[in-house]
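To start, the structure itself, in structure tokens.
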Amino acid sequence: MAVAGIPDLTLSTAVTAASTQVSVYSTTVPGTGNSLLQARTVAGAVMNATITLTLKDGNGDPIAFYPMEDMWLAGSLGGFVSCTPCLPNAGTDALGVATFTAANLGKGHSNRNGGEKTQVLISGTPLAVAQNLNILYNSADINGDNVVNGLDLGLFVTALKGLAADNYGADLQYDGAVNGLDLGIFVGCLKSTTQGCQ
């Protein structure tokens, strides 16, 4: 009985609607960026990457009405850093289910080559490692210093010229190439006067 109502991180599950690795464009500019409904495959196709969490206690029973502020998303390696916790749409329902679809305001980018994944955290602790989700995040703040400026422009141009070791950070449109589509997104953030994690 001591485990009733207490989340069990091995029995709880999180799944994504995405059937392959996807990337979600984020930004340090409030009110912009894409939601999980607008994730993209490496071929550039839009794919729904909604995350569905089923929260269970040690008895295997669903935990109803668990507060949304105690559940959030994070990268497994810290390459992409959220400005504020990316919360679910609401707390768990009567069946212990919560969904994540919102845009994730943040800086930097997931470490794709390092195998970074998205994790669901419950009160700061991730669910079981096997449930890491194949969702990446990138932003125009390529170096992750909290502002889109000339330093990021230098990194973007390096990727645009094909000289970056990994072009993922600059592939903002996420279609497998750094090109004019990415440049348009980047310039939009570079020109914004409202930037940074507040």
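Values quoted throughout were computed directly from the atomic coordinates according to the rules given, and no laboratory measurement underlies them. None of the values given here were measured: they were computed from a predicted structure. Ideal geometry is used to build each Cβ from the backbone, glycine not excepted, and the neighbour counts take in all protein chains shown.
Here are the numbers for the structure shown:
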item: Estimated inter-spin distance, Ala102 and Val3, nm [label 7 Å along Cα→Cβ]; result: 3.1 nm
item: 0 to 90° range, to nearest 10: angle between helix 180-190 axis and the chain longest Cα axis; result: 80 degrees
item: Distance in nm between pseudo-label sites at Met68 and Leu153 (7 Å out along the Cβ direction from Cα); result: 3.9 nm
item: Dipole axis of the stretch 27-109 (+1 Lys, Arg; -1 Asp, Glu on Cβ), positive-most option in Trp72, His109, Ala43; result: Ala43
item: Distance between modelled label sites at Ala43 and Leu77, nm, 7 Å Cα→Cβ extension; result: 2.6 nm
item: 17 Å reach of a label modelled at Asn113, 7 Å along Cα-to-Cβ, counting backbone N of the stretch 53-79; result: 77-79
item: For the chain: Kirkwood Rh in Å [reciprocal of mean 1/r, alpha carbons]; result: 17.1 Å
item: More than 16 Å apart - percent of Cα-Cα pairs taken over the stretch 82-129; result: 53 percent
item: The chain: most fluctuating residue of Ser26, Ser35, Ser123 per GNM, C-alpha cutoff 10 Å; result: Ser123
item: Length-normalised contact order for the stretch 13-139 - Cα pairs under 8 Å, 6+ apart - percent; result: 31 percent
item: Theoretical ellipticity at 222 nm over the chain - DSSP helices of four or more residues, -39500 (n - 2.57) apiece, nearest 500; result: -3500 deg cm²/dmol
item: Cα-based helix-to-principal-axis angle, 150-160 vs the chain, degrees rounded to 10; result: 80 degrees
item: Backbone N within the stretch 43-77 under 16 Å of label point (7 Å from Asp166 Cα along the Cβ vector); result: 75-77
item: Relative contact order [Cα under 8 Å, 6+ residues apart], the stretch 100-163, whole percent; result: 32 percent
